[in-house]
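Any read-out appearing in this document is the output of simple, stated calculations on the displayed coordinates, not a laboratory observation. Note that the structure is predicted; figures quoted are calculated from it, not measured. Here Cβ is always computed from backbone atoms with ideal geometry, including for glycine, and neighbour counts include all displayed protein chains.
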Amino acid sequence: MFDLERWQEIFDTIRKNKLRTFLTGLSVASGIFILVILLGFGQGMQNGIAKEFEQDAATSVWVWPGVTTKEYKGMNPGRRIQLRNENYDFIALLLEDQIENKSPRLFIRNSFVNYGNETLAYNVQGVSPQFQFIENEFISQGRFLNQKDEDVKSKIAIISNKINREVFQKLDSPIGEFLDISGISFKIVGVYGDVGGEREEDRIYIPLSTAQQVFNGANRLNNLAYTLPPVDDFDAAVAQSIKFKNTLKTYLQQAHTVAPDDTSAIQIYNPMEEAKRFYSLMGGIKFFFWFVGVCTIIAGIVGVSNIMLIVVKERTREIGIRKALGAKPWSIVGMILHEAIFITAIAGFTGLILSMGLLEIVGPHVEVDYVLNPSVDFNVALTTVFVLIFAGAVAGFFPAWRAAKIHVIEALRDE
Amino acid sequence: MIEIKNLHKSYKMGSNSLHVLKGINFSVEEGELVAIMGSSGSGKSTLLNILGMLDELDEGSYTLDGVPIKNLNETKAANYRNKFLGFVFQSFNLINYKNAMENVALPLYYQKVGRKERQEKALKYLDQVGLKEWATHLPSELSGGQKQRVAIARAMAAEPKVLLADEPTGALDSKTSYEVMDLIQKINDQGNTILIVTHEPDIANMCKRIVHLKDGIIIEDKKIEQIRAAQYVQ
């Protein structure tokens, strides 16, 4: 391996057989390149899907009332279901030990938001303090709602980073400014950001109790949101959320006299369940990518073996000459393998570097839904290169060994 | 230098066995120039292959420079070939992607001679065969006679005990043949032992001794008055 003379001999051979070397190298390099790109996109898809679910807490459960579609106990279909405080309170009691965070929500519709003489187009929602953890909001300035705001029905508002940037860019801080919401002044006490990015930052939050009183909400609620305690095991978490969802659904259907099989009257969205479906899909896609990648590598190995066979065939006479001049069998095997391994290694690493480079440069700029920052585990890629080199060596060994065993006379007769 | 006693060799051809060499007794002294003659099928190439350790004998003994050549495995044979023997072939057998100098230097590579020394020696031997200016040319750029002279230089570069030439002029026209024979004679004049297999009487007459093979036995072994090839070469 560290025999300088042999290296020189190999470089001579490579230099004088450029096309052959290039073709061998190309099949190896492209195999690695394709594999790494595939794996990168597999990872990118996984990242993308993980990102989609990052917007809300993973164990969250969302309840949306709708319109009944089925006749049930003398009630006509087409009835709009209205959630009320008592529903929320009852669920809080019924499922107390299963809930981590809970918050009802009231959408203030047809509200006008003004700041000074600017009219702003943002949603206003009444929520509870724990909504922060359900929606995965982080606090950039000031504070979120607290229980005291809720109890005393304070007229305060929490705005987002986006609103802050769009409306209050001239001020050092929007804290203490007043927003006019449909004629009533709300003092800004905090700025939040959403993990899901700016498209989740179009909302102004006010305390639910304030919202119900000031905007004529009575005891009506638009939806309910919960998070369940985190469970380490993914399947257990899914099972927990499905159980929770079913209990919730049964209660709400009974409370609102809805047919058990009416799917549109009470809708419960459960990211965990969705996530499970996506993850199993993801698993399938990743498996597929691996499968294609491994096939590519196998094709690469077959290519290398094929070229090795041709190389040995082409060099039979040369091998005969070398043997007549005193080359030992192992030096013939060594020479052919050394050359094969050297070419495979150089080509493999070239493919690796090019593909990693491409992922590195293009990866962060990929802006497609469900594909985020395609990248590949360097160790996995490196291992693949070594597997390919090893396989190339094994594939090269047998023809090389056979070549070394060739009878000199027969080899020299080979035209 | 070479001592062969009661050499037998047969080849299996399916169920038949072809007895090619049927008891050869033969010896060569240092500095001899021997022509082995015979029609095709007489066993002359087989004899040369055995002498060259490219093939194994079935029966008998072979001693080269006092070393008994027997029970050879591939590695040992390679070692002996490299140390004791230089080969010249009818079809030259140069490596086509290596230039003249690199071809000549190749046996030295297998003797583990350093690169620099290899090149110096290779140039020295190329100079001896009159091809120093052609050192960087590929075999494809050389004429047949030049190729054979490169092959002879290569065979000599390893400084072998015996030079074995299998029809060295078989692929050359007569003028070029004489040039090559002139070279071989000059090498022999320096004291090198050379065996030539040929079926051309004029080539054989340029040697010092002719061994006639027929049907696997030596029918004639005589010393002759050497005809110098130089007189045919301008």
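Per DSSP H run of at least 4 residues, take -39500 (n - 2.57); add these up for chain A, divide by its residues and hand me the 222 nm value, nearest 500 deg cm²/dmol. Computed ellipticity for chain A at 222 nm equals -18500 deg cm²/dmol. Cut-off under 16 Å on the C-alpha distance; same-chain residues fewer than 8 positions from A:Lys286 excluded. Which aspartates and glutamates are left, in chain and number order? Qualifying aspartates and glutamates at Cα under 16 Å: A:Asp377. Only Cα pairs under 8 Å and 6+ residues apart enter the sum, and on that basis the relative contact order of chain B stands at 28 percent.
Each 5 Å bin from zero holds the following percent of Cα-Cα pairs in the stretch B:147-191: 6, 20, 36, 25, 10, 3. Of the GluC sites (Glu not before Pro) found in the stretch A:108-150, none is in coil by DSSP with at most 10 other Cβ atoms within 10 Å of its Cβ. Amide hydrogen proximity for A:Leu83: with H placed 1.01 Å from N in the peptide plane, the residues at 5 or more positions away or on another chain lying under 5 Å are A:Leu221. Projecting the Cα positions of A:Thr210, B:Gly43, A:His407 onto the charge dipole of the protein assembly as shown (unit charges on Cβ atoms of Lys, Arg, Asp and Glu, taken about the Cα centre) puts B:Gly43 furthest along the positive direction. Across the protein assembly as shown, the volume of the C-alpha convex hull divided among the residues equals 251 Å³ per residue.
Taking the Cα centre of each part, how many Å lie between the stretch A:85-127 and the stretch A:264-325? Taking the Cα centre of the stretch A:264-325 as reference, the centre of the stretch A:85-127 is 51 Å away. Binning the alpha carbon pair distances of the stretch B:1-121 at 10 angstrom intervals from zero yields the distribution 11, 36, 33, 17, 4, 0, expressed in whole percent.
For the ranges B:151-161, A:75-85, B:91-101, what's the packing order if you count other beta-carbon atoms within 10 Å of each residue, average per peptide, and put the highest first? Don't skip to the answer; put the middle values down first.
Values: B:151-161: 24.5, A:75-85: 14.5, B:91-101: 21.1.
Per-residue Cβ counts within 10 Å, averaged per peptide and sorted highest first, yield B:151-161, B:91-101, A:75-85.
Computed over all pairs of different Cα atoms, the Kirkwood value for the hydrodynamic radius of the stretch A:86-157 is 14.4 Å. The alpha-carbon atoms of the stretch A:65-109, seen along their principal axes, cover 36, 29, 14 angstrom, with the largest extent given first. Considering only A:Ala404, A:Ala391, A:Ala324, the Gaussian network model of chain A with Cα springs below 10 Å gives its largest mean-square fluctuation to A:Ala324.
For the listed residue pairs B:Lys9/B:Lys98; A:Lys16/B:Lys175; B:Lys161/B:Lys214; B:Lys9/B:Lys175, the alpha carbons are over 29 angstrom apart in B:Lys9/B:Lys98; A:Lys16/B:Lys175; B:Lys9/B:Lys175. Comparing A:Leu94, A:Leu35, A:Leu224 in a Gaussian network model of chain A (Cα springs below 10 Å), the most mobile by mean-square fluctuation is A:Leu94. Backbone geometry of the stretch A:265-275 corresponds, through the Karplus equation with coefficients 6.51, -1.76 and 1.60 at θ = phi - 60°, to 3J(HN,Hα) couplings of 6, 10, 10, 10, 9, 9, x, 4, 5, 4, 4 Hz, x marking Gly and Pro. Based on the Stokes-Einstein relation at 4 °C and a viscosity of 1.567 mPa s, and on the Kirkwood radius from alpha carbon pairs, the stretch A:101-227 is assigned a translational diffusion coefficient of 90 µm²/s. Considering only A:Ile268, A:Ile184, A:Ile163, the mean-square fluctuation computed in a Gaussian network model of chain A, springs between alpha carbons under 10 angstrom, is largest for A:Ile184. For the stretch A:49-127, chymotrypsin sites (Phe, Trp or Tyr not before Pro) meeting the loop criterion (DSSP other than H, G, I, E, B) and having at most 10 other Cβ atoms within 10 Å: none. From the largest down, the stretch A:298-373 spans 65, 18, 14 angstrom on the principal axes of its Cα atoms.
Each 10 Å bin from 0 upward holds the following percent of the Cα-Cα pairs of the stretch B:2-232: 8, 33, 36, 20, 4, 0. Per-residue mean of foreign Cβ neighbours for B:71-82 is 4 (Cβ atoms of other chains, 10 Å radius).
The lysine pair count for the stretch A:101-227, using Cα distances under 18 Å and pairs eight or more places apart or on different chains, is 7. Only the Cβ atoms of Lys and Arg (+1) and of Asp and Glu (-1) were treated as charged; on that basis the dipole of the protein assembly as shown about its Cα centre amounts to roughly 1220 debye. Here the mean projected area of the convex hull built on the C-alpha positions of the stretch B:54-162 is 7.5 nm². Taking the Cα atoms of the stretch A:38-158, the ratio Rg/Rh between the radius of gyration and the Kirkwood radius comes to 1.06. The separation of the stretch A:207-240 from the stretch B:100-139, counted between C-alpha centres, amounts to 88 Å.
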